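Take a look at the structure below.
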Amino acid sequence: MDILSAAVMLFLIMDPLGNLPIFASILRHIDPKKRRRVLIRELIFALVIMLMFLYAGEAILNFLNLRSESVSIAGGIILFLIALKMIFPTPGGITGLPAGEEPFIVPMAIPLMAGPSILAALILLAHTDSSRMVDWTIALVSAWGVSAFILMFYKAFNRILGDKGLIAVERLMGMVLVMISVQMFLDGVARYLSAVPSPSL
């Protein structure tokens with residue numbers, strides 16, 4: 001996977017367009033003078049957390065003694081389930097934040113921006129090729145930067161796309177993520193089968 005492919009995958013998992021309505025509902029009850037400061041702070045928190053998991057991912061997998069094939073297969077399954085939720089969203093709120101309360105790390109940084117799915121994907125990238133950590137860092141920062149830009153101007157995107165437009169874009173992103181997840185799953189299966197010794201006749 002090259003830098004661009006990794007960045008696109010991470011961007012799709014972050015799903016900033018899908019998070020727009022949730023971010024807007026949280027920020028709506030905060031003092032307008034504080035909104036931008038709170039949003040920037042939460043975005044920075046999310047980036048720091050994701051970088052920590054990116055660089056600690058290899059150590060975590062070594063500690064758990066996991067093979068790259070199993071991680072790739074599990075990552076593909078996880079991404080597939082995430083993509084299905086993007087295509088077929090379920091009703092219900094996920095913030096659990098009282099109106100007017102200023103968020104701090106939860107729920108904007110975690111789990112909306114740096115959720116379990118993106119953290120698992122970062123661990124997978126780190127384990128796939130630990131010699132390309134600079135590439136993965138560039139991919140992560142690029143995906144985070146585009147997502148941060150969209151969320152910083154959430155009012156404009158919400159006004160331009162509208163509710164139906166946001167839903168359509170999120171489902172389209174979910175379809176792309178389905179294809180990425182299937183490819184990741186097949187790559188893991190292929191590597192596993194190639195590593196299994198053939199029976200001697």
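Once the dipole of the chain is set up with Lys and Arg at +1 and Asp and Glu at -1 on Cβ about the Cα centre, which of Leu20, Ile73, Ala156 lies farthest towards its positive end?
Ala156
Could you size up the charge dipole of the chain around its Cα centre, putting +1 on the beta carbon of Lys and Arg and -1 on that of Asp and Glu, and report it in debye to the nearest 20?
For this selection, approximately 680 debye.
Once you put a point 7 Å from the Cα of Ser70 and another 7 Å from the Cα of Tyr192, both along the Cβ direction, what distance in nm separates them?
Spacing of the two 7 Å Cα→Cβ label points: 1.0 nm.
Can you compute the modelled spin-label distance between Lys85 and Thr137, with each label point 7 Å from Cα toward Cβ, in nm?
3.0
Using only the Cα atoms of the chain, build the gyration tensor, take square roots of its eigenvalues as a ≥ b ≥ c, and label the shape rounded, prolate or oblate: rounded if a/c is under 1.5, else prolate if a/b is larger than b/c, else oblate.
Here the chain falls in the prolate category.
In a GNM of the chain with a 10 Å cut-off on Cα contacts, which of Leu119, Leu79, Leu66 has the highest mean-square fluctuation?
Maximum fluctuation in the GNM of the chain, among the listed residues, is at Leu66.
Between Ile77 and Phe153, what length comes free when the chain is fully extended (0.36 nm per residue of separation minus the Cα-Cα distance, one decimal in nm)?
The Ile77-Phe153 span can extend by a further 24.1 nm.
Summing -39500 (n - 2.57) over the DSSP H runs of n ≥ 4 in the chain and dividing by its residue number, what mean residue ellipticity at 222 nm do you reach, to the nearest 500 deg cm²/dmol?
-26500 deg cm²/dmol
Just add up the charged neighbours of Ile3: K/R +1, D/E -1, any other residue whose Cβ is under 10 Å from the Cβ of Ile3.
Net of charged neighbours comes to -1.
What ranking do 133-141, 189-197 get when scored by the average of other Cβ atoms within 10 Å per residue, highest first?
133-141, 189-197
Solvent-accessible area per residue for the chain at a 1.4 Å probe radius, Å²?
Per residue, the chain has an accessible area of 55 Å².
Under a point spin-label approximation (7 Å from Cα along Cα-to-Cβ), what is the Ile44-Ile160 distance to one decimal in nm?
About 2.6 nm, to one decimal.
Heavy atoms only, probe 1.4 Å: what % of the accessible area of the chain goes to carbon and sulfur, would you let me know?
Accessible surface attributable to carbon and sulfur in the chain totals 70 percent.
The values are calculated or read from the model by the stated rules, or taken from the named source; none is laboratory data. Here the structure is a predicted model, which is why all the values come from computation and not from measurement. Positions of Cβ are backbone-derived with ideal geometry, glycine not excepted, and every protein chain shown enters the neighbour counts. Each accessible area value is taken on the protein alone, full model and side chains, heavy atoms only, with ligands, DNA and RNA left out. Shrake-Rupley method; radii C 1.70, N 1.55, O 1.52, S 1.80 Å.
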